[in-house]
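Chemist: What follows is a single structure, and I will ask about it in a moment.
A short reminder: the numbers here are calculations on the coordinates, not readings from a lab. Note that this is a predicted model, so its numbers are computed, not measured. Cβ atoms come from the backbone with ideal geometry, glycine included; neighbour counts cover every protein chain shown.
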Amino acid sequence: MKGSILAMNKSRVVLASFCILASAVVFSACKDKRSTGLEYARNMYDPLGYNPDQPNKNFANGQTAQTPPPHTTPVGFDKYDYPNTKEGYEAASAGLVNPLALTEANLVSGKHYFTVFCAPCHGEKGDGQGHLVKIEKVSGIPSYHGDATSSRGGAMKDLTAGKIYHTIMYGLNNMGSHASQLSPEERWKVVMYVQQLQKIQ
C-alpha cells in the first residue's frame, strides 16, 4: 500500500514538473513578438558559404560574385562562334563538320533525341507530318526529303551538317532554340540522324 502511494506521488511530481516546464516555454515564447523562439541547430539554417549577392570583405570590390578573368571558359562550356544571322548560318555551313563518327550507336542515340525533340513537328520520318501538324494544325513545317525548300533558300535535303546544327542551336521561324535541351554532342547526333532522313526518296 505504501509503495503504491509513493509511485502515485512520484508520477504526480513528474506530471506537475512537465506542466510547469511546458507552461514556462509557452509563456516565454509569447513575450517578444519579434522573437522566433528557441532554435535547434542554428547552423543548419545559416549557410557557411557566401550567397552570390552578399557583400564579401574578402575581395577588393566587396562582391561575392566575381567576373571571370578574360579569355577563360567555364568548365563544360562549349563556345559557339557563329552568330544568329544569315552570315553566321552560311559561315556555320562552311566551317562546321560533325566531329562524331558515323556509327550505329550514334545513329540510335540521334534517333532517340530526334523522336523526343523534333518528331512532334517534323514527323518520325522527317516528312513534316508530326502529330502537332496533324492534330494542332501547325503549318510551315518542312520535310527533310523530297522537294521541300528551306525558308533560307535551297532544298532541305541538301542542308549541310553546319546549317542543321546552327538551326538546332538558335531555332528558326516557329522552331525555338534547342541549345538548352540538347548538349553539343547530342545536337551532333541529331544532325547525323537528320542527314540519314535527308536520303529518303
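Chemist: Rounding to the nearest 10 and keeping the result within 0 to 90°, find how far the Cα-based axis of helix 104-117 lies from the longest principal axis of the chain.
Modeler: 70
Chemist: Let me ask something else about it. For the stretch 86-197: lysine pairs with Cα atoms under 26 Å, gap of 8 or more or different chains, count?
Modeler: 18
Chemist: If you average the sequence gap of Cα pairs under 8 Å that are 6 or more apart and divide by the length of the chain, what percent do you get for the contact order? Don't skip to the answer; put the middle values down first.
Modeler: On the way: 184 pairs, mean separation 36.1, N = 201.
Once normalised by length, the contact order is 18 percent.
Chemist: Pick from ALA22, ALA92, ALA101: which is most flexible by mean-square fluctuation in a GNM of the chain where alpha carbon atoms under 10 Å apart are linked?
Modeler: The residue that fluctuates most here is ALA22.
Chemist: Here is a follow-up. Roughly what angle does helix 86-95 make with the longest principal axis of the chain, taking Cα atoms, 0 to 90 degrees, to the nearest 10?
Modeler: Helix 86-95 and the main axis of the chain meet at about 80 degrees.
Chemist: Calculate how steeply helix 2-30 sits against the longest principal axis of the alpha-carbon atoms of the chain, using the helix alpha-carbon long axis, and give the answer as 0 to 90 degrees to the nearest 10.
Modeler: So the inclination is approximately 50 degrees.
Chemist: Where a ≥ b ≥ c are the square roots of the eigenvalues of the C-alpha gyration tensor, would you call the stretch 154-201 rounded, which needs a/c under 1.5, or, failing that, prolate if a/b is larger than b/c, or oblate? The partial results should precede the final answer.
Modeler: Numbers: a/c = 2.26, a/b = 1.39, b/c = 1.63.
Here the stretch 154-201 falls in the oblate category.
Chemist: Okay, next question. If you take the beta carbon distance between HIS131 and LYS57 as r and set R0 to 45 Å, what does 1/(1 + (r/R0)^6) give as a FRET efficiency, to the nearest 0.05? Present the calculation step by step, with values, prior to reporting the outcome.
Modeler: Values: r = 58 Å, r/R0 = 1.28.
Efficiency, from the Cβ-Cβ distance: 0.20.
Chemist: Report the relative contact order of the stretch 58-172, percent, no decimals, based on alpha-carbon pairs under 8 angstrom and at least 6 residues apart. Show your work: numbers first, answer last.
Modeler: On the way: 89 pairs, mean separation 25.6, N = 115.
22 percent.
Chemist: Another question about this same structure. Give me the net charge of LEU182's neighbourhood, meaning all other residues with Cβ under 14 Å from the Cβ of LEU182; Lys, Arg count +1, Asp, Glu -1.
Modeler: My count for the surroundings of LEU182 gives 0.
Chemist: Consider the candidate values (1) 1.42; (2) 1.00; (3) 0.95; state which one is Rg/Rh (Cα atoms, Kirkwood Rh) computed from the structure displayed.
Modeler: Label of the calculated value: (1).
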